[in-house]
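The values are calculated or read from the model by the stated rules, or taken from the named source; none is laboratory data. Fair warning: this is a prediction, and the values are worked out from it, not measured in the lab. Please note: Cβ atoms are built from the backbone with ideal geometry, for glycine as well, and neighbour counts cover all protein chains shown.
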Amino acid sequence: MSVRELDRQYLWHPYTQHKIAPAPIPIARAEGAVLIDVDGREIIDAISSWWVTLHGHAQPEIAEAIGRQARLLEQVIFAGMTHEPAAALAAALVEKLPRGLTRVFFSDNGSTAVEVAIKIALQYWQNRGQPRARIAALEHAYHGDTFGAMSASARGLFTEPFGSQLFEVVRLPEQPITDQLAAVIVEPLLQGAGGMRMWSEATLREIRDQTAEKGVLLIADEVLTGFGRTGPLFACEKAGIVPDIICLSKGLTGGFLPLGATAAREEIFEAFLSTDRRHTLFHGHSFTANPIACAAAQASLALLNDASAARRAAIERAHRSHLAKIAAHPCVTAPRVLGTVAAFNLGGVGYLDPVGADLTHFALERGVLLRPLGDVVYVLPPYCTTDAQLDQIYGVITEFLDARG
Ligand code: PLP
């Protein structure tokens with residue numbers, strides 16, 4: 001059977017309504033910013049495959065590091081054992097993270113990085129003998145699809161079937177930050193799945209000031225914004241703040257392998273040190289700190305050099321110049337750019353607005369992968385994307401806008 005037939009018979013895809021979704025495109029390989037399907041057709045990946053592909057697809061140094069590590073040590077239990085890829089990666093991360101985030105806990109993906117952060121925050125207060133049970137999160141937030149992450153996320157279409165099972169959170173900015181909170185969790189400067197909403201450095205600094213003043217932990221979910229997406233390596237850095245806990249995933253391995261990391265300040269780690277074993281962080285995953293994923297992440301970090309920063313700056317410039325032209329179109333509202341991410345709205349009815357699927361279809365027929373969040377169109381390309389490829393992406397968007405009139 002062909003990939004298409006096997007897929008139709010056996011697979012269940014994420015975020016896909018199988019009754020009405022078009023058949024998925026079988027991808028055979030990829031290179032740089034380009035996906036190549038089984039028939040040899042090329043498609044520019046303008047969304048970094050759900051925001052993970054950092055430098056480019058099949059990036060040779062990362063592929064090499066993965067092969068090397070797989071032949072040496074593919075996996076080992078991470079309780080009672082350790083290994084060089086995890087230890088060296090943790091050291092390299094601490095070096096690059098905002099100063100003071102010195103302890104790294106590995107998990108498997110963005111949602112688990114958030115779960116771990118929430119559990120650390122809640123147990124931190126428990127271990128100190130000052131239990132605080134409430135987390136605060138922003139309106140429009142998205143932190144993942146596991147239950148804790150869903151609870152912190154905004155209530156809406158994605159969480160509706162599970163509403164009664166989610167824990168209550170204090171919702172900012174409607175409710176105040178008080179000293180009863182265990183932690184505040186935010187997606188610094190960019191709320192991704194909530195509609196590529198960009199928010200100000202000043203507000204982030206204000207939240208940092210208020211949490212510090214009230215003794216509340218600040219969790220920065222940089223699963224999307226980490227590793228240069230907003231320009232500097234971390235969005236927190238752009239605002240000049242240091243959170244107490246940071247969540248990382250997606251681009252951590254350059255987008256090659258699933259890996260999550262939650263890094264905390266030393267004082268938080270110390271609250272778990274005790275002769276009382278109940279103070280242990282009883283959390284772990286079978287594949288915690290998988291050596292191959294850690295090797296990929298080390299190789300990816302090494303690629304975040306000056307050349308990468310220059311490329312990111314070039315992408316930002318291209319976004320700005322293309323958006324300046326698109327902004328004149330009557331359907332387009334709220335054009336915005338933050339580092340390598342550009343977005344605008346088409347004034348529809350939100351996530352279920354059919355315009356998103358229409359644009360996806362239109363763009364795919366012209367060799368570009370876009371996946372609007374309903375009526376919110378965004379371009380979030382791998383860093384290797386060339387100016388010519390960006391021209392092509394925006395050319396397709398402009399053609400779509402012109403066709404709609
Ligand atoms: N946090 C943020 C800010 C995200 O954008 C996402 C995914 O889009 C997640 C968490 C969840 O990550 P994952 O899909 O790897 O579970």
- [ ] State whether one or more residues within the range 191-202 are more than 15 Å from the ligand (Cβ to nearest atom) and in contact with a strand residue (DSSP E or B) (Cβ under 9 Å, 6 or more places away or on another chain).
- [x] no
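Per-residue answers, yes or no, for (1) modelled with pLDDT of 95 or more; (2) farther than 23 Å from G56 by Cβ:
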position	(1), (2)
A289	yes, yes
I292	yes, no
S300	yes, no
D306	yes, no
H322	yes, no
P330	no, yes
A334	yes, yes
A343	yes, no
P354	no, yes
Open item on the list: What pairs come out if I take residues in the range 260-285 that are over 15 Å from C247 (Cα atoms) and of a type in the set (D, E) and pair them with residues that are modelled with pLDDT of 95 or more and away from the ligand (no atom under 16 Å from the Cβ) whose C-beta lies under 6 Å away, six or more apart or interchain?
Closed with: E266/T102
Task: Cβ-Cβ under 6 Å pairs, at least 6 apart or on other chains, the range 182-198 side closer than 17 Å to G231 by Cβ, far side more than 8 Å from the ligand (Cβ to nearest atom) and of a type in the set (V, I, T) - done: L189/T230; M196/V376
Open item on the list: Here's a check for you: in the range 208-224, which residue that is within 16 Å of the ligand (Cβ to nearest atom) and not in a loop (DSSP other than H, G, I, E, B) is farthest from the chain's Cα centre (by Cα)?
Closed with: L218
- [ ] Evaluate the range 374-387: report whether one residue or more is without any contact (Cβ under 8 Å) to a residue 24 or more places away in the chain and farther than 23 Å from A193 by Cα.
- [x] no
Task: Segments classed as helices (runs of 4 or more DSSP H), wholly inside the range 237-351, with at least 2 members that are closer than 25 Å to G32 by Cα and either among the charged types (D, E, K, R) or outside the structural domain of Y15 (by TED's automatic domain parsing) (or both) - done: 291-302, 306-326
Open item on the list: Pairs please, first residue from the range 96-121 and on the phi > 0 side of the Ramachandran plot, second anywhere and more than 16 Å from the ligand (Cβ to nearest atom), Cβ atoms under 7 Å, 6+ apart in sequence or on different chains.
Closed with: G100/V242; G100/R265
TODO: Could you list all residues from the range 290-311 that are in contact with a Pro (Cβ under 7 Å, 6 or more places away or on another chain) and not small (G, A, S)?
DONE: P291, C294, Q298
Open item on the list: I'd like to know if the range 362-372 contains one or more residues that are charged (D, E, K, R), at pLDDT 95 or above and within 23 Å of the chain's Cα centre (by Cα).
Closed with: yes
- [ ] Give just the number: which of (1) outside any loop (DSSP other than H, G, I, E, B); (2) within 16 Å of the ligand (Cβ to nearest atom) does F227 not satisfy?
- [x] (1)
- [ ] Tell me, yes or no, whether the range 160-174 has at least one residue that is touching a Leu at 6+ places or on another chain (Cβ under 7 Å) and within 13 Å of the ligand (Cβ to nearest atom).
- [x] no
Task: Matching residues in the range 95-115 - criterion: being within 12 Å of the ligand (Cβ to nearest atom) and assigned to a helix (DSSP H, G or I) - done: G110, S111, T112, A113, V114, E115
Open item on the list: For the range 122-131: of the residues being touching a residue at least 24 places away in the same chain (Cβ under 8 Å) and assigned to a helix (DSSP H, G or I), which is nearest to the ligand (Cβ to nearest atom)?
Closed with: L122
Task: Which numbered condition H329 misses (of (1) out of contact with any Leu (no Cβ under 7 Å at 6 or more places or on another chain); (2) farther than 26 Å from F158 by Cα) - done: (1)
Open item on the list: Given the condition in contact with a Pro (Cβ under 7 Å, 6 or more places away or on another chain) and either at pLDDT 95 or above or not small (G, A, S) (or both), answer yes or no: does some residue in the range 200-213 qualify?
Closed with: yes
Open item on the list: Considering only the range 364-376, I want to know if a residue exists there that is over 22 Å from A33 (Cβ atoms), assigned to a loop (DSSP other than H, G, I, E, B) and outside the structural domain of A193 (by TED's automatic domain parsing).
Closed with: yes
Task: Any chance I135 is of a type in the set (A, V, I, L, M), under 29 Å from Q175 (Cβ atoms) and assigned to a helix (DSSP H, G or I) - done: no
